[in-house]
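Heads up: the structure comes next, in structure tokens.
The values are calculated or read from the model by the stated rules, or taken from the named source; none is laboratory data. None of these values were measured; they are calculated from a predicted model. Cβ placement follows ideal geometry from the backbone for every residue including glycine, while neighbour counts extend to all protein chains displayed. Note: accessible area is taken over every heavy atom of the protein model, side chains too, but ligands, DNA and RNA are not part of it. Shrake-Rupley method; radii C 1.70, N 1.55, O 1.52, S 1.80 Å.
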Amino acid sequence: MQREIIKKLPKVELHCHLDGSVSMEAIKRLAEINNVDIPTSDIELRKKISVSKNCRDLKDYLNCFSFVLPLLQTKESLTLAAYDVLKQASDENICYIELRFSPLQHMEKELSQKEVVEAVIEGVKQGSHDFDVECGLILCMMRHRSEKENQEVIEVARQLANEWSLAVDLAGDEARYDTALFEKPITIAHNYHLPITLHAGECGNQKNIVDSIRFGATRIGHGLTMKDTMDIKQLCVDHKTHVEMCPTSNLQTRAIESIANYPFMEYLELGIPVSINTDNRTVSNTTLTDEICLLDEYFNISYQLLKEVMLSSINQSFTSDDKKQKISKLIDEAYESVV
Ligand SMILES: [Zn+2]
């Protein structure tokens with residue numbers, strides 16, 4: 001495949017964190033608005049907000065979030081950031097993106113969880129209108145936060161589900177906090193009929209994948225730790241559990257040792273639906289086009305396969321059936337010239 005063609009084709013992304021994906025230009029603007037000093041040289045600033053391609057250290061990865069989060073604590077800042085990520089998506093012809101964030105991470109100043117989500121909705125409303133990108137939002141519970149706080153994430157998702165397409169996720173330190181600890185809030189979300197995707201099998205126990213499916217997740221983020229366990233892979237096949245794969249991020253955090261061992265083709269061949277994602281555009285210094293090129297380099301993907309991945313991604317997205325149909329048709333037509 002050719003990079004320029006990949007970039008032009010309509011694409012779907014399901015796993016992208018807002019706080020890890022704010023562009024350098026937007027970060028400069030946010031620093032100005034918030035009166036925060038940041039490095040004046042682009043090279044120095046880049047070091048603060050992105051890990052280098054060679055860097056393979058989780059601590060460095062997390063430091064980038066500590067840098068950007070203080071800039072995302074007001075309504076104006078959150079609206080601007082959400083708008084900025086939709087612009088980036090549109091720049092590489094993403095036609096549908098699901099953007100995720102935890103309202104709990106943006107309450108350092110005066111905002112309530114609900115106000116955080118409303119500010120992001122405002123940004124994606126403007127962005128999807130201006131850039132012609134469809135967008136869904138996913139609210140993340142955090143593994144290190146209290147049950148009460150996480151239950152409130154679910155309540156806010158339910159309250160605002162009429163305003164915008166909202167789903168729920170569980171993010172944070174998987175190695176320290178097993179998914180089973182969050183059965184209660186996840187079950188509440190399930191009972192509210194909120195769509196559920198959970199980070200599972202990125203670095204933690206592979207039982208987290210089993211529990212995620214058991215608690216009602218139809219998708220999981222990463223799903224790498226089941227790589228060598230046929231029973232769990234079969235469980236995903238049987239449940240059609242979709243795995244959101246994020247290759248560059250997984251290499252940077254050492255969730256996987258090399259791209260050659262990445263189970264992308266293996267999952268597909270087994271019949272596990274997968275999507276290709278950036279995880280964090282700025283922190284990982286990547287785009288969806290980059291991620292597809294990376295996989296193509298090692299696995300020699302055809303346009304036909306890419307089309308199938310995009311169609312199955314939109315099919316397992318959390319948008320309405322109408323939008324799924326509309327976007328599938330768009331993909332079908334656009335890929336006709338290359339397959
Ligand atoms: Zn993630």
Query raised in the report: Somewhere in the range 302-313, is a residue of a type outside the set (Lys, Arg), farther than 24 Å from Ile196 by Cβ and either open to solvent by less than 10 Å² (accessible area, probe 1.4 Å) or within 16 Å of the ligand (Cβ to nearest atom) (or both)?
Result: yes
Report task. Specify which of the listed residues (Ile38, Ile27, Ile6) is modelled with pLDDT of 95 or more, away from the ligand (no atom under 16 Å from the Cβ), part of a loop (DSSP other than H, G, I, E, B) and open to solvent by less than 60 Å² (accessible area, probe 1.4 Å). Result -> Ile38
Requested in this report: Pairs only if they're at least six apart or on different chains, beta carbon under 8 angstrom, first in the range 239-250 and closer than 17 Å to Asp211 by Cα and in a loop (DSSP other than H, G, I, E, B), second of a type in the set (D, E, K, R) and away from the ligand (no atom under 11 Å from the Cβ); list them, first residue then second.
Outcome: Thr241/Arg219
Report task. Those residues that are more than 16 Å from the ligand (Cβ to nearest atom) and not in a loop (DSSP other than H, G, I, E, B), I need them from the range 9-24; list them, please. Result -> Lys11, Val12, Met24
Query - helices (runs of 4 or more DSSP H) lying entirely in the range 90-195 (those with 2 or more residues that are among the acidic types (Asp, Glu)) - result: 113-131, 147-160
Query raised in the report: If a residue has to be of a type in the set (Lys, Arg) and touching a His at 6+ places or on another chain (Cβ under 7 Å) to count, how many in the range 291-338 make the cut?
Result: 0
Query raised in the report: Ala255: within 14 Å of the ligand (Cβ to nearest atom) and either aliphatic (A, V, I, L, M) or open to solvent by 10 Å² or more (accessible area, probe 1.4 Å) (or both), yes or no?
Result: yes
